[in-house]
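Below: the structure, in structure tokens.
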Amino acid sequence: MDWETVIGIETHAQLSTVSKIFSGAATRFGAAPNVQACAVDIALPGVLPVLNKGAVERAVRFGLAVGADINRRSVFARKNYFYPDLPKGYQISQYELPVVRGGSLSMLVKDGEKTVRLTRAHLEEDAGKSLHEAAGNAHSALSHGMSGIDLNRAGTPLLEIVTEPDMRSAEEAVAYAKTLHALVRWIGICDGNMQEGSFRCDANVSVRPRGSAVLGTRCEIKNLNSFRFLEEAINYEVRRQIELLEDGGTVAQETRLYDPDRRETRSMRSKEEAHDYRYFPDPDLLPLDISAETIEQIRSELPELPQAKRERYQNDFGLSAYDAGVLTQSRENAEYFEDMVNRLGRPAVKACANWITVELAAAVNRAGIEIAQSPVSSEQLAWLIVRIDDGTISSRAAKDVFQALWQRENIAVAVLSAPRPSLHSSVKSAARDDIDNIIEQLGLKQISDTGALEDVIVQVLAANQKSVEEYRAGKEKAFNALVGQAMKATKGKGNPALINGILKKILAR
Amino acid sequence: MINASLKQLSAQLAQKKISSVELTQFHLDRIARLNPGLNAFVTVDAARSLAQARAADARIAAGKAQPLTGIPVAHKDIFCAKGWLTTCGSKMLANFVSPYDAHVVERLNAAGAVILGKTNMDEFAMGSSSETSFWGPVRNPWDQTRVPGGSSGGSAAAVAARMAPAAIGTDTGGSIRQPAALSGICGLKPTYGVVSRYGMIAFASSLDQGGPMAKSAEDLALMLNIMAGFDARDSTSLERPAEDYARVLEAPPRGDRAKPLRGLRIGAPKEYFGAGLGSDVGAAVEAALAQFEKLGAQRVAVNLPNAALSVPAYYVIAPAEASSNLSRFDGVRYGYRATDYADLADMYRKSRAQGFGAEVKRRILIGTYVLSHGYYDAYYLKAQKIRRLIAQDFVQAYEQCDLIMGPTSPNVAFTLGAKASDPVEMYLNDIYTVAANLAGLPAMSIPCGFGEGGMPVGLQLAGNYFTEARMLQAAHRYQLATDWHLRQPAGVE
């Protein structure tokens, strides 16, 4: 049978506030256990939650960025269950009235543009962490058979972002997750650090016969903290469910965990074992009212969003969808690009895009870093293009300069936000000096002296009379041979455009 | 001295006729003598109290005294006080020493009041008799075979037996007013949000409100002046300009001096005088209403048509919130943990089974039930709708009157154990008090006579939001004209 995969994703994005969502304790990652847990976080008798406005502001920013409705009134609810890393015995979350409702996210997949509808996004607090004594566990203070509780993470603000079941493959799910990941970083609400758990996904996966309008029974795979795990877990789960169904079995609705070592999902708890969370409005917190002014204020401070930028790059700059996509992968990429365009002007747009998407992207990938960490600054790359443009070096030589610049460790990286720039040669510029020094050191400067080139060409013509005759007899190929000889005579440093012109002029005599 | 008002004590302290150390020691001595019979205090720490008293004396000597500086105050054991055992009347917290002060405690400390000790209470404030405490029942100073009311029964008994000049309590469904009535003292539950709940161990968050308990309305006003105030750590705390609750106590009456309450409209809803009201209590309350009329007040007819629904709604909402609020007592981080357990679930089960008493477990079960999937709409949501209807009743009633008066409790104090086996009978004790909590309105109880067995009867005065000063003024005028509040139980002299 032909099966169709249906996937919905819930993402927990840790909001980048300095303090927790309901207490003043810090949210910094990596502190010693329990040093960032205050009286509220450890749920001493009598303590009360106070909402962090920064978390609300970030949730609204997200809602506006995905075109969602911001609920002017939302309600915090208690989700009741017992676990040692849940100090109050309930998690404060939003249930019936979330802060963000609806919205959507569009992304490029191999078949073109894909839009995933969002159901909602709501604010909640994270739980703490249970550390179980086990071989190789760094927390050796735990004696055998004991578990430790670290409440540093308890109360960390999360935005849970829930999609409709709109994805049809692991690839689409990963494309969605990557787009969402880029967006939350773009609008500055989450640092996106997946190793530290700042961005983690739960995937709801089901299969159904292609053409069926009814959803199959789903399984939820929890806590996928890398794109690769997300893809592997979904692919495994899809195979598992199809095999089950094709063998005449049924899929049981349950929560599953992905084991990256075994590359398989396994059951965590069944629907029957599911908790009755007894949600009810938290009486310690008033309903969250957000004024229209606040929403408009936040809207006015939103940066241009990746999708809008991508479209603008295509429509206004005439860039390809691919180039526009790479340039808007992160806000830093776009800033890098726009800084170069600001320096060089509109005519250089394509050259800037090419250099970023080809040479710089390759180097960044090889180094396993982000463009924001590139040792070659946007100002330096702009100067490199200037030097190609003004004939100082050839495009071929520019690649060598780029590589040299990339590898030099003590390059002063120009600040991206430096005052805006005209690339006037009278202006002092460390970046320009870097480029020029390397060109000098590598001896890559082109010969653009017309007189010198004429002398060389006259000699070349004298030594290659046969080619001259062939050219005059109408063989165009002979011209290329002569250019090649002239380049060889200048040891590759002759300006090819000038050589072309001079050759034609002399041959026409 | 035992009948001196807070104002008089402050004056004596200011005039150095007595020191705070002497005043504190005097009350500590009374506690040592009377508490073994009454069990009103669960923790007394003389050294700690006297250290505070010495600091107060230094402050008075330096001329930096504020109202209440040097006055000993008994604290219900529900308020977290730094360095003090804070048990909430439960085995669950029998070993819990609070590392921080509740907002109310902070404010009293800042004013220079002395913590005289922690008072006994129904476990986690769940009860109307102060019998459910892990530390044993509190006894009524008027008759030790009877209960003092609850849950703030320890604070009520402490003031009634003159072991403390004043006390603080909490009121979720009547827990300040009902014990005040049954013990013959005054108690006030402010408008919800006036007193911060930070550091007050939660029973039912949307209903809990701290308040003062004392011998007179005037004393309540002085106490409330210290206790009330905005606190950013409680999201339900109200940000309002500071208010002097004593400002109109003795406002000169306009016109006839004999009728200082002229213009005051008193509503006495017939729902508060129907079946179930003891005739002795009814008679005392009627006499009190007549006294108010004598003082110039006018009695008007008001209705509270949904009054009968308040107890059922309350006993859904309060347990629902409690079942969640008490989840933090799990034996993991502090408090009681069972010694033998097989695994995590077993540890939870045993710690909570052994750490909580029967009434607390009953309410956790009720609360868990009404919030459960499939029952939530029928119970919790329905109760919330009733709650809104009850609040609307009051809005309409307060268009016709300024204060609502009636009995605080249907009967005088009952004997220990009389209602312990019948929770519904016990819950009906709250029939006149819970509505104010459901609506978030202020209400108070003052002594207005005696009933069966010579036991005190309480008159409840309830007002619209933020009318505490008006309520206190009416009560004060009544107390200037009567002396019920000055009566004290035999054997405490």
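Quick note: the coordinates plus some simple rules give every number you see, no bench work behind them. Just so it is clear, the model here is predicted, and its values are computed rather than measured. Neighbour counts are summed over all protein chains in view; Cβ atoms, including those assigned to glycine, are modelled from backbone coordinates with ideal geometry.
Among the trypsin sites (Lys or Arg not before Pro) in the stretch A:5-56, which ones are in a DSSP loop with at most 12 other Cβ atoms within 10 Å of the Cβ? Mind listing them?
Qualifying residues, ordered by number: A:Arg28.
Hey, if you put +1 on the Cβ of every Lys and Arg and -1 on every Asp and Glu Cβ in the protein assembly as shown, which of B:Val412, B:Ala160, B:Thr170 ends up farthest toward the positive end of that dipole?
B:Ala160
Out of A:Leu453, A:Gly492, A:Gln465, whose Cα points farthest toward the positive end of the dipole of the stretch A:450-507 (charges: +1 Lys, Arg; -1 Asp, Glu; placed on Cβ)?
A:Gly492
Rounded to the nearest 500 deg cm²/dmol, what is the calculated helix-only ellipticity per residue at 222 nm for the protein assembly as shown, with -39500 (n - 2.57) per DSSP H run of length n ≥ 4?
Rounded to the nearest 500, the figure is -11500 deg cm²/dmol.
Please find the FRET efficiency linking B:Glu399 to A:Lys53, where r is the Cβ-Cβ separation and R0 is fixed at 35 Å, and quote it to the nearest 0.05. Don't jump to the answer; show the numbers that get you there.
Details: r = 37 Å, r/R0 = 1.07.
Efficiency, from the Cβ-Cβ distance: 0.40.
Quick check: from the Cα gyration tensor, does the stretch B:174-319 come out rounded (a/c under 1.5), prolate or oblate? List each step's numbers first, then the result.
Details: a/c = 1.96, a/b = 1.19, b/c = 1.65.
Oblate.
Tally Lys/Arg at +1 and Asp/Glu at -1 over every other residue whose Cβ is under 14 Å from the Cβ of A:Ala32; what's the total? Display every interim value, and only then the final one.
Details: positive: A:Arg28, A:Lys129, A:Arg153; negative: A:Asp150.
Its environment carries a net charge of +2.
Please tell me the relative contact order of the stretch B:208-335 in percent, rounded to the nearest whole number, where contacts are Cα pairs under 8 Å and at least six residues apart.
On the way: 92 pairs, mean separation 24.1, N = 128.
Result for the stretch B:208-335 is 19 percent.
Which of rounded, prolate or oblate describes the stretch B:6-256 when judged by the alpha-carbon gyration tensor and an a/c cut-off of 1.5?
rounded
Between B:Ala290 and B:Ala11, what FRET efficiency follows from the Cβ-Cβ distance if R0 is 45 Å, with the result rounded to 0.05? The partial results should precede the final answer.
Values: r = 34 Å, r/R0 = 0.76.
After rounding to 0.05, the efficiency reads 0.85.
With a cut-off of 8 Å between alpha carbons and a minimum separation of six or more residues, what is the relative contact order of chain A in percent? Let's see the in-between values first.
Details: 888 pairs, mean separation 67.1, N = 509.
For chain A, the relative contact order is 13 percent.
Taking R0 as 22 Å, what FRET efficiency do you get between B:Arg299 and B:Phe466 from their Cβ-Cβ distance, rounded to the nearest 0.05?
Given R0 = 22 Å and the Cβ-Cβ separation, E is 0.40.
Place +1 on the Cβ of every Lys and Arg and -1 on the Cβ of every Asp and Glu in the stretch B:6-256, take the dipole about the Cα centre, and give the residue among B:Trp142, B:Ser235, B:Ser206 whose Cα lies farthest towards its positive end.
The residue sitting most towards the positive pole is B:Trp142.
Where the centre of each part is set by its Cα atoms, how far does the stretch A:278-351 sit from the stretch B:71-95, in angstrom?
54
Could you pull out every whole DSSP H run in chain A that spans at least 24 Å of Cα extent along its own axis and averages -0.5 or higher on the Kyte-Doolittle scale?
Once both thresholds are applied, what remains is A:227-246.
Run the simple label-point estimate for A:Leu507 and A:Gln403 please: 7 Å along Cα→C-beta, distance reported in nm.
It is 3.2 nm.
Using a Debye calculation, one point per C-alpha and no hydration shell, please list log10 I(q)/I(0) for the stretch A:450-507 at q = 0.17 Å⁻¹ in order.
Debye curve over Cα of the stretch A:450-507, log10 I(q)/I(0) at q = 0.17 Å⁻¹: -0.45.
Tally Lys/Arg at +1 and Asp/Glu at -1 over every other residue whose Cβ is under 11 Å from the Cβ of A:Lys309; what's the total? Could the numbers behind the result be given before it?
On the way: positive: A:Arg310, A:Arg312, A:Arg331; negative: A:Glu304, A:Glu311, A:Asp316, A:Glu335, A:Glu338.
So the environment of A:Lys309 carries a net charge of -2.
Using the crude model of +1 on Lys and Arg Cβ and -1 on Asp and Glu Cβ, and no other charge, please compute the dipole size for the protein assembly as shown relative to its Cα centre, in debye to 20. Each step should come with its number before you reach the end.
Working: 111 positive and 111 negative charges, 269 e Å.
Dipole of the protein assembly as shown, to the nearest 20 debye: 1300 debye.
Suppose every K and R has +1 on its Cβ and every D and E has -1 on its Cβ; what is the size of the dipole of the stretch A:450-507 about the Cα centre, in Debye to the nearest 20?
Working: 9 positive and 5 negative charges, 29 e Å.
With Lys and Arg at +1 and Asp and Glu at -1, about 140 debye.
Taking the Cα centroid of the stretch A:158-194 and of the stretch A:452-509, what is the distance between the two, rounded to the nearest whole Å?
58
How large is the charge dipole for the stretch B:1-102, taken about the Cα centre, if only the Cβ atoms of Lys, Arg (+1) and Asp, Glu (-1) carry charge, to the nearest 20 debye? Mind dumping the intermediate values first?
On the way: 12 positive and 6 negative charges, 39 e Å.
The dipole magnitude comes to about 180 debye.
Give me Rg/Rg_expected for chain B, where Rg uses Cα atoms only and Rg_expected = 2.2 N^0.38 Å with N residues. Working shown, then result.
On the way: Rg = 21.3 Å, N = 493, 2.2 N^0.38 = 23.2 Å.
With N residues counted in chain B, Rg over 2.2 N^0.38 Å equals 0.92.
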